[in-house]
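First the structure, in the form of structure tokens, and then the observations on it.
The values are calculated or read from the model by the stated rules, or taken from the named source; none is laboratory data. All figures in this text were calculated on a predicted structure; none of them were measured in a lab. Note that each Cβ is placed from the backbone with ideal geometry, even for glycine, and that neighbours are counted across all protein chains shown.
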């Protein structure tokens, strides 16, 4: 039972209410895409970055900017192009002169990466050198320039997009860099009913007014709360078994993994599974992680960390279908969620 004297449970209640309010506010602007919005919120409160893949015109930019606005966060969009240089996003030293004294000095001019929510649009259209500069900022949450380190704002999220239908002249992110993203989210087409509503809403004169749900300084506190959500040994083991089952050289794995997967997920995938599961539980106001939380985030966590073989592609297998098979074959012990329920007591103490 939540009490005023219990800051952790009251924080969970605040996060649950904010989660519901965010969904309601975003639904006033973005039609459909409920699963995508849910995964974006999980990634943000898990303090992770996200990559979105979908064809143009599916409101990816609108989703991200609306979410940033509801959270009262600064939002910046960068359109990645083949001629974009690292300094174009991180900033550069500029020689400035003091007109009164004539003295000259180098002054660092911050780039667009110094924001709270950065939409890296079509990240695969810029050369690896510029991609690496952004990924360094994502990992270290700072930018190095002229021998000085410049800390990025907190919170800081990168939401990158990729266009799956045009690959000519692109620079696909290698698997080692994709691993830096907690989620890879597929943005699909709307249903007929949703598409009809999109036409009606976007071609009318009415404009929806959004209400701020959380302030920027509150988000790091709620992210810290998410990390305090306990997870049982059973859930940790289940996460580990899912990740290890993706590796072709792992003993005791199903035969199809060696045939369909050339490279499996590393330990960072397990960390992402646990953190995303904690965030999902916290957004639902629950004080412990369940097996359902882990299974719900398995696809966006693992799909970009699996490299399938030519044999798998010839048989029509994708990372998602491989993950489906793994989820079917990795056993879940009966009564596991009852075990996890007892873990929540640690959160109250």
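Table for the structure above
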| item | result |
| --- | --- |
| Considering residues of segment 181-216 that are out of contact with any strand residue (DSSP E or B) (no Cβ under 9 Å at 6 or more places or on another chain) and closer than 21 Å to residue 280 by Cα only, the residue surrounded by the most Cβ atoms within 10 Å (Cβ to Cβ) | 213 |
| Within segment 55-157, strands (runs of 3 or more DSSP E) holding 3 or more residues that are surrounded by 13 or more Cβ atoms within 10 Å (Cβ to Cβ) and modelled with pLDDT of 90 or more | 75-79, 117-121 |
| Among the candidates 293, 324, residue that is exposed (fewer than 15 other Cβ atoms within 10 Å of the Cβ) and in a helix (DSSP H, G or I) | 324 |
| Qualifying positions in segment 77-104 - in contact (Cβ under 8 Å) with a residue 24 or more places away in the chain and more than 18 Å from residue 125 (Cα to Cα) | 91, 92, 93 |
| Residue under evaluation residue 13, criteria (1) within 24 Å of residue 204 (Cα to Cα); (2) at pLDDT below 90, criterion not met | (1) |
| From the options 216, 204, residue that is assigned to a loop (DSSP other than H, G, I, E, B), under 20 Å from the mean Cα position of the chain (by Cα) and closer than 21 Å to residue 62 by Cβ | 216 |
| Matching entry among 328, 338, 292 (being out of contact with any strand residue (DSSP E or B) (no Cβ under 7 Å at 6 or more places or on another chain), farther than 21 Å from residue 48 by Cβ and at pLDDT 90 or above) | 328 |
| Residue 43 vs. criteria in a helix (DSSP H, G or I), modelled with pLDDT under 90 and crowded, with 20+ Cβ neighbours inside 10 Å | no |
| Single residue of segment 217-255 satisfying the filter (without any contact (Cβ under 8 Å) to a residue 24 or more places away in the chain and in contact with a strand residue (DSSP E or B) (Cβ under 8 Å, 6 or more places away or on another chain)) that is farthest from residue 283 (Cα to Cα) | 248 |
| Subset of segment 246-275 (residues that are within 11 Å of residue 306 (Cα to Cα) and part of a loop (DSSP other than H, G, I, E, B)) | 246, 247, 248, 264, 265, 266 |
